Each structure stands twice: as C-alpha cells, then as structure tokens.
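The values are calculated or read from the model by the stated rules, or taken from the named source; none is laboratory data. Being a predicted model, the structure only gives us computed values, none of them experimental. With ideal geometry, Cβ positions are generated from the backbone for all residues, glycine too; neighbour counts draw on all protein chains shown. Surface areas here come from the heavy atoms of the whole protein model, side chains and all, with no ligands, DNA or RNA. Shrake-Rupley method; radii C 1.70, N 1.55, O 1.52, S 1.80 Å.
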Amino acid sequence: MTTAEEFEGPTTELLQTLIRNECVNDGTGDTGGETRNSDTLVAYLDGPGVDIETFTPRDGRDSMIARIAGSDPDAPSLCLMGHTDVVPVNANGWSNDPFGGEIIRSAEGVDEVWGRGAIDMLNLTSSMAVAFRALANSGFTPKGDLIYFGVADEEAGGTWGAEWIAEHHWDAMKADYVLTELGGWSHEGPDGDRHVTINVAEKGIAWRSLRVKGTPGHGSMPFGADNALIKAAEIVRRLSEYRPAPNLDEVWGAQVASMKLSDEQRDGLMDPAAIWSTLEGMPVPQARTCHACTHTTFSPNVAHGGQKTNIVPDTIDIEVDIRTVPGTTKDDVIGHLREALGDLFDHVDVSELQNSNPTASPFGPSNPLWESVKTHTQVAYPGAKLVPGLIVGGTDARFYRERGTTAYGAGLFSKSMDFATFGSRFHGNNERIDIESLGLSAQYFHGIATDMLS
Ligand SMILES: [Zn+2]
C-alpha cells in the first residue's frame, strides 16, 4: 500500500470498530473502558516482527505499545501516538448514532464516517495503526525503533494513560520523535498556496483555586460587613478585565503571516499596543482564537460558598482555568494574580488544582521531523507550506516534550477540512470525518515513518 486511496478502506474499517467500542471517558476513574480499543489495536497490530506490550494502571483502562525494533540502537526512534478514549455525547443533538460508525454520504456527495472520536482523534489513531501494519506487512526493517502507542485517558489529562506510563514505564514509550494530535487541517494562504498547520507547542495548564476570606456575621446587619461573596464578585470582575502583556513570538508571527487579513489587522496583531483593539474589530470566533494564542488567559468557571441565607459568608472558593503562554512559570502565575487582583490579592489563599508547564518543540529546516513532515505534506499538496502552531488546550504531547522529545501535533486532511470545520466537530455534535482524509493521513504517517527510520 502506498497511495492514499489504498489506505482508505482499512483505515475506515478500523476507525468504525474503534468508534463502536464506545470508550467514553467522562473524567471519572472507572469510565473509559479503553481496554476494548487497546485489545482491538493489539489484535490488529500483532504479527511477525512486532513486539507488543500492554499496560493496566487501573482495571479496564489498558494502553498498548507496538514496536518494530530498529537495527541500530543509536538511530533515532519515532513514535506514532493516538489516544483511544473519547468524550461523552449528548445523543439528542446528533442526526445519526454517535457510536454507529456509519458511512454516510453528505449532501455534497462526500462519504463520511460518523461517530464520537471521528475527529478527536480515533481518525488519526486508526490512520497511524494502518500505516504501522502496512510497514510490518512489507517487512520494513527500520534503523531506529518504530513505536505505535495507543493510549488511554487523554481526555481527562492522562492520569491513567500517558502520565502514568511516562512515570512508571518511560523506557517503553520513550522516543526521539513523536507525532500525535492536533494538526493537519489546511487553508489557502494569502499567497494562494495551501497552508497546513502543524502544532509545535502548547500552552500550560494552571488551574487555581482562590479561597476568598471574610468574617461571618448576621445577614440582617450587612452595613460594613466583611462579606467574602462581595469580595469574590469584585475578584471575578477584576479577573475578567485583566489584560496581561501579549506573547507575540515566532510561532504567532507565522500564524499571522498565513492568515488572510488587511495590512492594518496584520500589523495590529503583531503590535503589543494595538492587539487588543485589533481583536475587538474582528469576528468573535476568530478573535477568541487569536486572543487565546497570544495571551495567558483567566476564566473563572466555578464558585462555591456561603452557608445560609442569613449568614454573612466567611469563605468563598473560586476556581479559575488559567492557560499560560510559552515561558510562563508558576511564579509568573502568582505574579499575574497579584497584578489582576491588586489590593484584594491579600484577601485570598491561592492553591493549585492542576499544573503543567507550557511546552514547545524545535521546528524549521534543521529539524529532521519538520523536514519529513513538510516533504510528506507535499506528496498530497505539491507546493504546500507548513505553518507552526500553538495548541491552546492540552494534549499528551506534553509528557514527551517535558522529557526532551520533539513532538508535533500533525496529520493531513482533505481540503474541505479547514480549521473552522474541524473546530465545529471537535467534541461537538455530528462529529464525522471524510474518508479521503483517512487515506491522506495514513499515507502521510507511512511516508514519514519510512523516511525518518530508513
Ligand atoms: Zn484528542
């Protein structure tokens, strides 16, 4: 198998099985059931020349690793990593069975596989497996190890997946180069060429709880009361108005260069003094993405507190989803909160709910993975340009980058899959992928693995 069309059939079939296995992870420890997808992948990938390991950090939550051992222990290794879990659905919002894995022809005449995970990311998990299987079938003898990692629990932060395996079995998963989600959508750039996004970095996660303190009293006499809820309201207001300095780095510059914008918008998005007014002049969905890519963000999303209607509360807890731009440390997060809250900072206790630092991998002509990704993007789209990007959420790539591995969020989709289409189906209703994209991605991973390991 070498052409994208030849990869379509087997990738579609495997994707249908993975969707139907319904490995729904709602964030609690006993959901997921990824052992079903792990078993499917083990059965699909096992065979002569392939070593398989499975991991069970918790019942029902298996991950698996398949390996074609390299002939040269010093040669660099490549890992294709796909998560096997999916997020829950609200079936009422779907026009077809979210776990049916059906092939349905769209109004435009495009055949699509429907189901939760078709975009995030069972499409790539199956494309990677089909590429790996095709290489094993052809008797491929890599110089460095080729690794396939089907990993559980990505959707809940990797506690029972990549984080656990990295901590307990790093030697099994370690690799010099890694490809995983998210990337591969494309658009026509201002120069008329196809521009394909490859994510080379992701923001940090700094979820914090702010405990706001006050003094209890009788609700019938509020004058001059030290009411924690009133202070909390002001804290939430200050957080929503806080404007940290933007981070306008090389990755952002490449993103801006690739967007169709007026000259004024282009300049404004690269100017710390003008970026806010420029964002305000753009359509909200686009501005929201541009804002998140350039700023450490603060979203107060949960509040708890108060005891009884007639008691002035002495404690309110606010949970803030903070996402940090590259280069931000834990101390910087405290610095931001101090600046945002001003005099009220001394009225809160800050505690950590979750923390992972922002991560980034090198990219550009001196990086072999970047060059290989470019070459194999151009197999499908001659003359296409790669645009490095920053993921504003979190993926399992961070567990590799933290340990020095070059990891990209990559893939390759049909022209119909632009960022807006991809984004609207991601964790959304009516999630589906066109079969052409499945073939393109499988061919792409097959090509890159051949190239990097020969
Ligand atoms: Zn995902």
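Any idea how many residues of the stretch 212-233 are part of a strand (DSSP E or B) and in contact with a Gly (Cβ under 9 Å, 6 or more places away or on another chain)?
Residues in the stretch 212-233 being part of a strand (DSSP E or B) and in contact with a Gly (Cβ under 9 Å, 6 or more places away or on another chain): 1 in total.
Among (1) polar (S, T, N, Q); (2) in the same structural domain as residue 247 (by TED's automatic domain parsing); (3) within 26 Å of residue 205 (Cβ to Cβ), which single condition is residue 307 missing?
Among (1) polar (S, T, N, Q); (2) in the same structural domain as residue 247 (by TED's automatic domain parsing); (3) within 26 Å of residue 205 (Cβ to Cβ), the lone unmet condition for residue 307 is (3).
Kindly indicate which of 271, 267 is over 30 Å from residue 344 (Cα atoms), charged (D, E, K, R) and either in contact with a Phe, Trp or Tyr (Cβ under 8 Å, 6 or more places away or on another chain) or not in a helix (DSSP H, G or I) (or both).
From the options 271, 267, the qualifying one is 271.
Determine, yes or no, whether residue 96 is in contact (Cβ under 8 Å) with a residue 60 or more places away in the chain and either within 16 Å of the ligand (Cβ to nearest atom) or closer than 19 Å to residue 13 by Cβ (or both).
yes
Could you list all residues from the stretch 230-283 that are among the basic types (Lys, Arg) and touching a residue at least 24 places away in the same chain (Cβ under 8 Å)?
231, 238, 243, 260, listed by residue number.
To keep it simple, each residue is scored yes or no on (1) within 29 Å of residue 231 (Cβ to Cβ); (2) of a type outside the set (Asp, Glu); (3) at pLDDT 95 or above.
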site: 249; (1), (2), (3): no, no, yes
site: 267; (1), (2), (3): no, no, yes
site: 276; (1), (2), (3): yes, yes, yes
site: 293; (1), (2), (3): no, yes, yes
site: 314; (1), (2), (3): yes, no, yes
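Only one residue in 414, 372 is in a loop (DSSP other than H, G, I, E, B) and at negative phi, so which one is that?
414
Taking the stretch 129-140 on its own, how many of its residues are closer than 11 Å to residue 80 by Cβ and either away from the ligand (no atom under 16 Å from the Cβ) or within 17 Å of the chain's Cα centre (by Cα) (or both)?
Matching residues across the stretch 129-140 total 4.
Here is a yes/no grid of residues against (1) of a type in the set (A, V, I, L, M, F, W, C); (2) open to solvent by 10 Å² or more (accessible area, probe 1.4 Å); (3) away from the ligand (no atom under 14 Å from the Cβ):
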position	(1), (2), (3)
83	no, no, no
86	yes, no, no
113	yes, no, yes
147	yes, no, yes
